[in-house]
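Have a look at the structure below before the remarks.
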Amino acid sequence: MNIIVRKDHKTIMPALEAARPGDTLILPSGIYREKVYVDKPDISFIGDGHVMITYDAASGELAPGGGSYDTFSSATLTIKESAKNFKADNITIENSYNRLGLDRKVTQAVAVSCGADGAAFYDCNILGWQDTLYLSGGRQFFLDCYIEGSVDFIFGDAQVLFEDCDINCVRERSYISAANTSECDPAGFVFYHCYISACEGCGEIYLGRPWRAEREGINSATAFIECTYNCDIAPAGWLPWHLKPGEEALNTRYFEYKNTNGHGEPADTSGRAEWSRQLTRAEAEELMSYIGKCAKYPDEDAHEHHEHNNDA
């Protein structure tokens, strides 16, 4: 069944409370200033026009009901583990903390927290500053999305394919990814045919650093495959963070394959951290054959969201 927000229900959360597994929420154009939690399986969000879900919350800031937010409770949109196969299409999700031009301390402020296996995001904008996108649990897919941030702004232990996405860094010394992949998982974050950019004046961009990789069972995995680096990537490319010298290669899987610069020339990887690696074609194909299983390409009929029927 389709539920049209602002027609059937005034805001998103009452619409979600009324929804049953498998329902689709149609969000008409507008700004929705609310924290949203999805805990039912097979729910879809479809934006009909220019749609933004936004909230201003950050770790250490006071929460309305008392107490303080931490990193994970700061999220504007939280997709719980129980919300398997969640889908979002043509939605902008923002955590406005530190995006308002205010003189605030830099701290974690999540836009999207997704722990749902089978989740997929199409043509979405995910906006934040630090820790923009937290991905945990199972396999997830992002297609034609725009994601921006500064510090560790794509992080977590999920296995995720980012395909044809624009990844933009918003400050100097940005860290795109902070994976804490289980050593049992063949892949973590894979950026495929993505466009990596940075705002004017931003330098020293790092592809990633390992989150919690000093812990037993963590072997952080991130790969950039056939991407375009339209910004100055730091020569080393990757940072070891809390790892001790000599432990980097044992606790990380940092790969690149056939990436280019903004002029279409092969990216200069001559100064890369010695514990990162350039894949061979066979290795890249093997990794893609595995991570490709994360992809859930939108059905042509389901993706066409300009005709809505309130059918049960």
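A few remarks follow.
- Evaluated against (1) in a strand (DSSP E or B); (2) surrounded by fewer than 24 Cβ atoms within 10 Å (Cβ to Cβ); (3) among the aliphatic types (A, V, I, L, M); (4) touching a Cys at 6+ places or on another chain (Cβ under 9 Å), Ile126 falls short on exactly one condition, (2).
- Residue in segment 29-36 that is in a strand (DSSP E or B), in contact with a strand residue (DSSP E or B) (Cβ under 9 Å, 6 or more places away or on another chain), β-branched (Val, Ile, Thr) and touching a residue at least 60 places away in the same chain (Cβ under 8 Å) present: no
- Note on segment 56-88: residues that are outside any loop (DSSP other than H, G, I, E, B), among the small types (Gly, Ala, Ser) and crowded, with 22+ Cβ neighbours inside 10 Å total 2.
- Taking the criterion of being buried (at least 19 other Cβ atoms within 10 Å of the Cβ) and aromatic (Phe, Trp, Tyr), the residues of segment 29-55 that qualify are Tyr32, Phe45, Tyr55.
- Taking first residues from segment 171-186 that are over 14 Å from Gly128 (Cβ atoms) and touching a residue at least 40 places away in the same chain (Cβ under 8 Å) and partners that are among the basic types (Lys, Arg) and outside any loop (DSSP other than H, G, I, E, B), the Cβ contacts under 8 Å between residues at least 6 apart in sequence or on separate chains come to Thr181/Arg253.
- Filtered residues of segment 9-45 (kept if under 18 Å from Ser82 (Cβ atoms), under 21 Å from the mean Cα position of the chain (by Cα) and among the charged types (D, E, K, R)): Lys35, Asp39, Lys40, Asp42
- For segment 249-263, the criterion of a residue being aliphatic (A, V, I, L, M), modelled with pLDDT of 95 or more and in contact with a Phe, Trp or Tyr (Cβ under 9 Å, 6 or more places away or on another chain) is satisfied by no position.
- Residue tally, condition of a type in the set (Lys, Arg) and touching a helix residue (DSSP H, G or I) at 6+ places or on another chain (Cβ under 7 Å), over segment 93-143: 1
- Conditions (1) loosely packed, with under 15 Cβ neighbours inside 10 Å; (2) in contact with a strand residue (DSSP E or B) (Cβ under 6 Å, 6 or more places away or on another chain); number of the one not met by Ile26: (1)
The values are calculated or read from the model by the stated rules, or taken from the named source; none is laboratory data. These numbers were taken from a predicted model, which means no experiment stands behind them. In this analysis, Cβ positions are derived from the backbone assuming ideal geometry, glycine residues included, and neighbour counts consider all displayed protein chains.
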